[in-house]
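Student: Let me begin by handing over the structure; questions about it come next.
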């Protein structure tokens, strides 16, 4: 009897491994955005279905929420928000929530770039000095700018996080992983990530028909400033505003807790720089701050 039970357990184990392997490594690719010469796609496990979107529109934003299912079981959601600003810039915000019981490997793809010109916004490590109130902020600058033909893109990094409780029944995102390094091969940028159960991933992309800075010298000056001033550059953008480092408390999880702070959502750094070194980037960041407050 014991021997039969062991054989049964081994059979079930190998069956589970086969299913897990199929889920993780059999993938398909679906287009999720195709407008004005810009295409975006998602590569995911074949057995995870991306449902038809629930669409809402408000002010500057159009939001599409896709339910994710595995063999009919709810696994979470993928949300894309397209924000159109009055200066012609477009910001695409991506969020995926894994509400299931198994990790998921996903790649967000930006194809059709041809032979792009890429400028890193992380030419060196950040100056991660600890602040007395907020502690250390380990996040880096956005990935950088990508120029392809007449289009200009600024790609944000990938942020994997989970929700943690805060005082007064509040919540925050605890940063688990930031990925600022993406592959660009054969004219396509790939943002790949491994999303554990009960976790979120956020990223974003800014699209423009003109360069973000009038000259490379000004862009370099901003990059250097942002690398040395962790609480000036807003890295983790979402439709509701940037997620920024929260004050640390006795709870050790607040060492990597991020949330919304009104003063920083207004982006005073972009306001100051736009007065002395006007640029399309700073103008777009200020318009984005207004849109976040309005929505």
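Student: Could you please find all residues in the stretch 214-255 being more than 19 Å from residue 122 (Cβ to Cβ) and assigned to a loop (DSSP other than H, G, I, E, B)? Before you say what the answer is, go through the steps one by one.
Tutor: Let us first name the residues in the stretch 214-255 that are more than 19 Å from residue 122 (Cβ to Cβ), namely 214-215, 238-241, 246-255.
Those that are more than 19 Å from residue 122 (Cβ to Cβ) and assigned to a loop (DSSP other than H, G, I, E, B): 214, 215, 239, 240, 246, 247, 248, 249, 250, 251.
Student: Residue 211 passes all but one of (1) touching a strand residue (DSSP E or B) at 6+ places or on another chain (Cβ under 6 Å); (2) over 25 Å from residue 291 (Cβ atoms); (3) outside any strand (DSSP E or B); (4) modelled with pLDDT of 90 or more; which number fails?
Tutor: (2)
Student: Still on this structure, I have one more. Given 72, 135, which one is surrounded by 16 or more Cβ atoms within 10 Å (Cβ to Cβ), at pLDDT below 95 and on the phi > 0 side of the Ramachandran plot?
Tutor: Values: 72 fails: surrounded by 16 or more Cβ atoms within 10 Å (Cβ to Cβ).
Of the residues listed, the single one that is surrounded by 16 or more Cβ atoms within 10 Å (Cβ to Cβ), at pLDDT below 95 and on the phi > 0 side of the Ramachandran plot is 135.
Student: Quick one: in the stretch 147-178, of everything that is over 22 Å from residue 260 (Cβ atoms) and either modelled with pLDDT under 95 or out of contact with any strand residue (DSSP E or B) (no Cβ under 7 Å at 6 or more places or on another chain) (or both), which residue is surrounded by the most Cβ atoms within 10 Å (Cβ to Cβ)?
Tutor: Within the stretch 147-178, the match that is surrounded by the most Cβ atoms within 10 Å (Cβ to Cβ) is 148.
Student: Can you tell me which residues in the stretch 261-287 are touching a helix residue (DSSP H, G or I) at 6+ places or on another chain (Cβ under 9 Å) and over 30 Å from residue 215 (Cα atoms)?
Tutor: 262
Student: Those residues that are in contact with a strand residue (DSSP E or B) (Cβ under 6 Å, 6 or more places away or on another chain) and under 18 Å from residue 283 (Cα atoms), I need them from the stretch 243-270; list them, please.
Tutor: 264, 265
Student: I would also like to ask the following. What are the pairs, 6+ residues apart or on separate chains, where a residue within the stretch 117-141 that is within 14 Å of residue 233 (Cβ to Cβ) has its Cβ under 9 Å from a residue that is outside any loop (DSSP other than H, G, I, E, B) and modelled with pLDDT under 85?
Tutor: 137/131
Student: Does residue 258 qualify as being under 13 Å from the mean Cα position of the chain (by Cα), buried (at least 17 other Cβ atoms within 10 Å of the Cβ) and either part of a strand (DSSP E or B) or in contact (Cβ under 8 Å) with a residue 60 or more places away in the chain (or both)? Steps first, answer last, please.
Tutor: Numbers: under 13 Å from the mean Cα position of the chain (by Cα): no; buried (at least 17 other Cβ atoms within 10 Å of the Cβ): yes; either part of a strand (DSSP E or B) or in contact (Cβ under 8 Å) with a residue 60 or more places away in the chain (or both): yes.
Spelling it out, it is not the case that residue 258 is under 13 Å from the mean Cα position of the chain (by Cα), buried (at least 17 other Cβ atoms within 10 Å of the Cβ) and either part of a strand (DSSP E or B) or in contact (Cβ under 8 Å) with a residue 60 or more places away in the chain (or both).
Student: Take the residues in the stretch 233-255 that are modelled with pLDDT under 90, surrounded by 17 or more Cβ atoms within 10 Å (Cβ to Cβ) and in contact with a helix residue (DSSP H, G or I) (Cβ under 9 Å, 6 or more places away or on another chain); name whichever of them is farthest from residue 95 (Cα to Cα).
Tutor: Here the residue is 248.
Student: Kindly indicate whether residue 181 is at pLDDT 95 or above and either surrounded by 14 or more Cβ atoms within 10 Å (Cβ to Cβ) or in a loop (DSSP other than H, G, I, E, B) (or both). Break it down stepwise before answering.
Tutor: On the way: at pLDDT 95 or above: no; either surrounded by 14 or more Cβ atoms within 10 Å (Cβ to Cβ) or in a loop (DSSP other than H, G, I, E, B) (or both): yes.
No.
Student: Here's another thing I want to ask about it. Does residue 125 satisfy the condition of being in a loop (DSSP other than H, G, I, E, B) and within 21 Å of residue 106 (Cβ to Cβ)?
Tutor: On the way: in a loop (DSSP other than H, G, I, E, B): yes; within 21 Å of residue 106 (Cβ to Cβ): no.
Criteria not met by residue 125.
Student: Next up: In the stretch 135-165, which residues are outside any strand (DSSP E or B) and farther than 21 Å from residue 231 by Cα?
Tutor: The first filter runs over the stretch 135-165 and keeps only residues outside any strand (DSSP E or B), leaving 136-143, 149-150, 156-157.
Those that are outside any strand (DSSP E or B) and farther than 21 Å from residue 231 by Cα: 149, 150.
The values are calculated or read from the model by the stated rules, or taken from the named source; none is laboratory data. Nothing here was measured: the structure is a model prediction, and the numbers come from that model. Note that we place each Cβ from the backbone using ideal geometry, even for glycine, and neighbour counts take in every protein chain shown.
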